[in-house]
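What follows is a short report on a single structure.
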Amino acid sequence: MENKIYLHADQSSYKGNLHLHTTWSDGSLSAAETVEVFKEKGYHFVCISDHDVYARTDEFNTDTFITLPGMERGGLNPVADRDPGYHFGVLDDPDAQPAQVRFEHLERFPVPLPWEGDHSPQALIDEMNAHGNLVIFNHPEWHLTRFEDMVRYDGFFAIEIYNHATEWSPVSSYGAAYWHHALQNGKRVFGIAADDSHTHDRNWAMPEYGGGWVCVQADTLTPRAIVASLKAGRFYSSTGPAIHALRVEDGQLIVECSPCKLIMFKAFPLRGPFVGDFQGGSPQTLASIPIEPEMQYIRVECIDFDGNVAWSNPVFVADLLREEE
Ligand SMILES: [Zn+2]
Ligand SMILES: [Zn+2]
C-alpha cells in the first residue's frame with residue numbers, strides 16, 4: 001500500500017464559511033457587513049450564498065480575504081406536497097468549462113421552483129453544473145430528505161453534514177448519517193460544515209456566525225486555488241477542533257489534531273477504534289488505524305472536551321490498493 005498525504009502538517013490552511021445569507025435574500029446584514037463579521041472572526045473566505053440570487057463580489061477580495069461566487073438554490077418557500085425542501089449550495093468553479101454562460105452578479109432565479117415530480121432536483125443540479133458551478137446538498141437533516149435521494153441524485157460534490165443555524169431551530173444540524181448512506185452506496189462525496197448565517201445579533205445565546213466551517217489546504221488564497229482544493233477534498237470541516245495532518249503511512253491511517261477528548265475512526269465495514277483516555281480524560285492529539293483491504297472508506301472525527309467536532313473527508317481504500325499495482 002502506497003504512502004499518501006491527505007492533509008499536510010505544514011501546508012497553508014484557509015478557514016471559510018460556504019453558507020450564509022445577506023440582505024440580498026433573508027439575511028439581516030448587508031454583504032459588506034457580513035464580510036466584516038467574518039474577517040473579524042479570522043476567516044479567510046466566504047461564499048455569499050443567498051437564496052436564489054447569485055453573488056459575484058470581487059470588490060471584497062484582498063490578499064487576506066476573498067469571496068467565492070455562488071448562491072443557495074432551491075426555493076425559499078416550500079410548495080405544499082410538491083417541494084420536499086431541496087436546497088443546494090451553488091459554488092462557482094473557475095476551472096470548469098461550462099456549456100452555458102456563468103451566472104452574473106445579482107442574477108435572480110424564480111421562487112418558488114416549479115418542481116415537476118421527483119426528478120426536478122436532478123434537473124436543477126444539472127442546470128447549476130452546466131453553468132460552471134459545483135453543487136452541495138444542503139442541510140438534508142433539516143429537510144428530512146429521503147436517504148435514497150443521496151444515491152438517486154448525482155452531480156453534487158459534497159453534503160452539508162453540519163448546518164449551524166439549524167442547531168438553533170429546529171435542532172437538526174448534524175447530517176453525517178446522510179453522508180454514510182451516500183458513501184456506503186459508492187458515492188464519492190465530501191462533507192461540509194457551514195453556518196447558514198441569517199440573523200446577526202451579538203446578544204443571542206447562539207450566534208449564527210462562526211459555528212461551522214471548512215479549513216482548506218491550498219498554496220494561495222485565490223478562488224481558483226480554494227475551489228480546486230475543495231473539489232479534491234483537501235479540507236476538513238469543524239465546529240471547533242483542528243485536524244493538523246492526515247496521511248497513510250506503512251498501511252496505517254494516521255491523524256494529528258488539536259487536543260481532543262476522543263478520536264474516532266469511522267471505517268466501513270465497521271472496524272473503527274475509538275481512541276481516548278476514558279479514565280484519566282487526558283487530551284489526545286495523535287491516533288492511527290491499520291487499513292484493511294476490505295474496508296470501503298475510512299473517515300475521522302475528532303471531538304474536543306466541549307463536544308465540538310472536526311470531520312475529515314473519507315479516505316477511499318480502493319484508491320490506495322490501486323496505487324499499489
Ligand atoms: Zn437552505
Ligand atoms: Zn441557507
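The values are calculated or read from the model by the stated rules, or taken from the named source; none is laboratory data. In this text, all values refer to a predicted model and were calculated from it rather than measured experimentally. In this analysis, Cβ positions are derived from the backbone assuming ideal geometry, glycine residues included, and neighbour counts consider all displayed protein chains. These area figures cover heavy atoms from the full protein model, side chains too; ligands, DNA and RNA do not enter into them. Shrake-Rupley method; radii C 1.70, N 1.55, O 1.52, S 1.80 Å.
Values for this structure:
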read-out: Filter pass, Glu148 being open to solvent by 10 Å² or more (accessible area, probe 1.4 Å), within 30 Å of His105 (Cα to Cα) and in the same structural domain as Phe38 (by TED's automatic domain parsing); value: no
read-out: Among the residues listed as Pro283, Pro314, Pro290, the single one being in contact (Cβ under 8 Å) with a residue 40 or more places away in the chain and in contact with a strand residue (DSSP E or B) (Cβ under 6 Å, 6 or more places away or on another chain); value: Pro314
read-out: Number of the exception - Ile263 against (1) surrounded by fewer than 23 Cβ atoms within 10 Å (Cβ to Cβ); (2) under 24 Å from the mean Cα position of the chain (by Cα); (3) within 13 Å of Ile303 (Cβ to Cβ); value: (1)
read-out: Selection status of Ala123, away from ligand 1 (no atom under 14 Å from the Cβ), at pLDDT 95 or above and aliphatic (A, V, I, L, M); value: no
read-out: Of residues in the range 27-41 being farther than 20 Å from Ala193 by Cα and open to solvent by 30 Å² or more (accessible area, probe 1.4 Å), the one nearest to ligand 1 (Cβ to nearest atom); value: Ser28
read-out: Subset of the range 7-35 that is farther than 13 Å from Thr64 by Cβ and part of a helix (DSSP H, G or I) - its residue that is farthest from ligand 2 (Cβ to nearest atom); value: Ala32
read-out: Strands (runs of 3 or more DSSP E) completely within the range 175-263 that count 2 or more residues being polar (S, T, N, Q) and more than 16 Å from ligand 1 (Cβ to nearest atom); value: 235-238, 252-260
read-out: Residue in the range 15-26 that is within 16 Å of ligand 1 (Cβ to nearest atom), open to solvent by 40 Å² or more (accessible area, probe 1.4 Å) and either closer than 25 Å to Tyr86 by Cβ or acidic (Asp, Glu) (or both) present; value: yes
read-out: Some residue of the range 18-33 being at pLDDT 95 or above, within 30 Å of Glu256 (Cα to Cα), assigned by TED's automatic domain parsing to the domain that holds Trp213 and in contact with a His (Cβ under 7 Å, 6 or more places away or on another chain); value: no
read-out: Subset of the range 293-311 (residues that are open to solvent by 30 Å² or more (accessible area, probe 1.4 Å) and out of contact with any Gly (no Cβ under 9 Å at 6 or more places or on another chain)); value: Pro293, Glu294
read-out: Long-range neighbours under 8 Å by Cβ, at least six apart or interchain, first residue under 14 Å from Leu134 (Cβ atoms) within the range 87-101, second basic (Lys, Arg); value: Phe88/Arg73; Val90/Arg73; Asp92/Arg56; Asp92/Arg102; Asp93/Lys231; Pro94/Arg224; Asp95/Arg224; Asp95/Lys231
read-out: Total residues in the range 145-174, condition part of a loop (DSSP other than H, G, I, E, B), at pLDDT 90 or above and within 16 Å of ligand 2 (Cβ to nearest atom); value: 2
read-out: Condition met for Ala158 (within 16 Å of ligand 1 (Cβ to nearest atom), of a type in the set (A, V, I, L, M, F, W, C) and assigned by TED's automatic domain parsing to the domain that holds Ile48); value: yes
read-out: Enumerated strands (runs of 3 or more DSSP E) restricted to the range 47-120, each holding at least 1 residues that are within 13 Å of ligand 1 (Cβ to nearest atom), modelled with pLDDT of 85 or more and touching a helix residue (DSSP H, G or I) at 6+ places or on another chain (Cβ under 8 Å); value: 70-73, 88-92
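Condition check ((1) surrounded by fewer than 21 Cβ atoms within 10 Å (Cβ to Cβ); (2) touching an Asp or Glu at 6+ places or on another chain (Cβ under 9 Å)) across all residues:
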| position | (1), (2) |
| --- | --- |
| Tyr153 | no, no |
| Phe156 | no, no |
| Tyr178 | no, yes |
| Gly191 | no, yes |
| Thr220 | yes, no |
| Lys231 | yes, yes |
| Ile243 | no, yes |
| Leu246 | no, yes |
